[in-house]
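The values are calculated or read from the model by the stated rules, or taken from the named source; none is laboratory data. Bear in mind the structure is a predicted one, so any value in this text is a computation, not a measurement. Cβ atoms come from the backbone with ideal geometry, glycine included; neighbour counts cover every protein chain shown.
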Amino acid sequence: MIIWKGEAVQLRQQLEYLQQSHRQLLGEELFGLNVNDLQNLEAQLERSLKGVRTKKEQALTIEVKELHHKGSLVAQENEELQKKLDLLLQEQAELKKVKLTFKWGACTPDYIRHC
């Protein structure tokens, strides 16, 4: 039972220390810190911030690569659709020629096979 009480006291002290450290990292309760403590806290925050910025840069790099890939796919699809549109327009123009040919009587029933 005494072992558990000692461990509970130790865990409570550790919890209090961690909570105090957390508050200091948030910029709260800095009143008891000397210049050296403040410099250490500042260095720790800078290291943390550097890690956050590195992770953010990696995430943005991945996102940019994905967007470039999507852009390439869209450009390729656009090119394929443009080819299909060109083909349809060409077929439409040919159909108009055939209609005009029949409309103006250029093809008589005897020559329909050759038109």
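Contact annotation: residue pairs with Cβ atoms under 6 Å, 6 or more positions apart or on different chains, pairing a residue in region 16-33 that is on the phi > 0 side of the Ramachandran plot with a partner that is at pLDDT 90 or above, are Glu29/Arg23.
Going through region 21-41 one residue at a time, which ones are surrounded by fewer than 10 Cβ atoms within 10 Å (Cβ to Cβ) and either within 15 Å of the chain's Cα centre (by Cα) or part of a helix (DSSP H, G or I) (or both)? Result: Val35, Asn36.
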